[in-house]
Amino acid sequence: MKTIKKTIVRGRRIAALSICAGCLLSGTTAMAAISYSYENDGKTYVLTVDSGTNWLQEEHQTVLNKNEVTNLVKRGAGTLGVNGTARQFTGDVRIEEGNVRLRGTNPLGTSGRIYVPAAKSVIFDLATVGKDIVTESAGDTKSIYAWEGDSSMNGKLLIGNSDVNLRAYAGAKLTFTGGAVDLDTGGWPYFMPSGGASFTFATKPFEGSKQFYFNPQVSSGYPMDSAGFAGYFVFAASGNMMSTLGWDTGGADGNFRMNNVKVSTTADLAFDKLMKVYMGHDSVLDLCGTEQRFGQFDVRVPSGNPSIVTNSLATPATLHMGMMYGTGSATPNIRFGGNLSVVFENNIWETKVNYPMTAKGDLIIKGNGNGGANSAILNFMSDGSWANATNVVVEGVGKIKIAHPNALGRKANVSLASNSSLEIESGVTVNVRTLTVGGVQKPRGDYTFGSGTLHVSHPHGFELRVR
């Protein structure tokens, strides 16, 4: 190994070397002890910042390029600053000690990557307006890497003419505090986690017009964590905008769908519109005690386990949604659970349920259509159930269809609006606690709906019998 070393003590240069000019660094805080060296035949640049924050200057790029240096290793407890407005670094930056602070436009140039070990961090202080900070030319994919530690992007991430890979590995945490936006040009964001890495949108939302791509790296040989997730996504700010959450390219597993990830919403109305959600396999959508609105759930589970929509907190959560559907004529293989109320609205079509749901909140069907074939229909097929629903409410011209006796729980309170309907198949008896029709609660007893029977058990009111 070839090592050439240069030391700067308390801001004073000593023993200048031709390939390590003393002007490579400029300390923003006085009296900082700095040393740097070349290793591995001059291809790896090792820089140690003992204290303070020190910014690389323009000459740094020239020296590294001249010596074909492709890797920078950061050591020491201080902070290394890379100001992309002045000059970029085009190689890989591996942080072994201390922190790295990035700012300006393109601090990593065209191909630079950041690797962060456990318990370390990199701070991205990037441009907020007027400049694409990740790419400048179409057709050139850029990457931002977080290897194992915690990283934060304080400026707004602007995605311009090229695709951007946002990669996080081995439990790394990448937090966007300045928000992110795609500029509706040629670039697309690809969020690529593995090993239980996480992406969090805190304080300011993701403002986009394109699909939000989930691209876990499981298929590339990277591991999942002990819980079975390649990555975690947390939407902690309201008003996130994207055309869809996930995307379907039509592949066997639906590439870029919500596969092997956990998505959590910790702010009410985390999304600003009724967008479509592409659910895949082995994933969780956790509402964490919040109220959310989605348009439709497109569910594709050709392999693996079904995904789950749930609420992990004791605080009740509410999900407003349109219909959900599977691929082709298949029923959507998805599970709803937890302390979660589900409201089907903005929907004039039929939603099929052929799997057991364990959600413990209310189940509400709001009929917004014109009745008949265009009613909002929730169809419980042969294996479909929502047995833990406390209140089952059908409003407007909505309809519930039931094909077997265990579709609803015995403790369910069923409420039907004047124009809504309940249709039970012939020979089927469904047991519930109470029945209210048009605002009037009915006495206990048997009631015919369609060709089947609804048995009401709660002893409310009276029965008149003539002998």
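The values are calculated or read from the model by the stated rules, or taken from the named source; none is laboratory data. Since the model is a prediction, treat every value here as computed from it, not as a measurement. A quick note on method: Cβ atoms are made from the backbone with ideal geometry, for glycine too, and the neighbour counts reach across all protein chains shown.
Looking at this structure, is S312 outside any loop (DSSP other than H, G, I, E, B), touching a residue at least 24 places away in the same chain (Cβ under 8 Å) and touching an Asp or Glu at 6+ places or on another chain (Cβ under 8 Å)?
Spelling it out, it is not the case that S312 is outside any loop (DSSP other than H, G, I, E, B), touching a residue at least 24 places away in the same chain (Cβ under 8 Å) and touching an Asp or Glu at 6+ places or on another chain (Cβ under 8 Å).
So which residues in segment 208-242 are under 13 Å from S194 (Cβ atoms), outside any strand (DSSP E or B) and not polar (S, T, N, Q)?
The answer is P216, V218, G221, Y222, P223, M224, D225, G228, F229, A230.
Which of the numbered conditions does L340 fail, given that it passes all the others? Conditions: (1) surrounded by 17 or more Cβ atoms within 10 Å (Cβ to Cβ); (2) more than 21 Å from the chain's Cα centre (by Cα).
(2)
Do you know which of the residues in segment 383-416 that are hydrophobic (A, V, I, L, M, F, W, C) and farther than 15 Å from V343 by Cα is surrounded by the most Cβ atoms within 10 Å (Cβ to Cβ)?
Among those residues, the one meeting the criterion is A407.
Determine which member of the set N259, N240 is touching a residue at least 40 places away in the same chain (Cβ under 8 Å) and not hydrophobic (A, V, I, L, M, F, W, C).
Of N259, N240, the one residue that is touching a residue at least 40 places away in the same chain (Cβ under 8 Å) and not hydrophobic (A, V, I, L, M, F, W, C) is N259.
Which residues, counting only those in segment 347-361, are aromatic (F, W, Y) and at pLDDT below 90?
Selection gives W349 alone.
Quick grid of which residues meet (1) under 21 Å from G196 (Cα atoms); (2) in a loop (DSSP other than H, G, I, E, B); (3) not small (G, A, S):
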| residue | (1), (2), (3) |
| --- | --- |
| D268 | no, yes, yes |
| L285 | yes, no, yes |
| C288 | yes, yes, yes |
| D298 | no, no, yes |
| G304 | yes, yes, no |
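Enumerate the strands (runs of 3 or more DSSP E) found wholly within segment 120-205, keeping only those where 2 or more residues are modelled with pLDDT of 60 or more.
Filter on segment 120-205 gives 142-146, 150-153, 157-159, 164-168, 173-176, 180-182, 189-193, 197-201.
Would you mind finding the one in V301, V353, V392 that is hydrophobic (A, V, I, L, M, F, W, C), closer than 22 Å to Y213 by Cβ and in contact (Cβ under 8 Å) with a residue 12 or more places away in the chain?
V301
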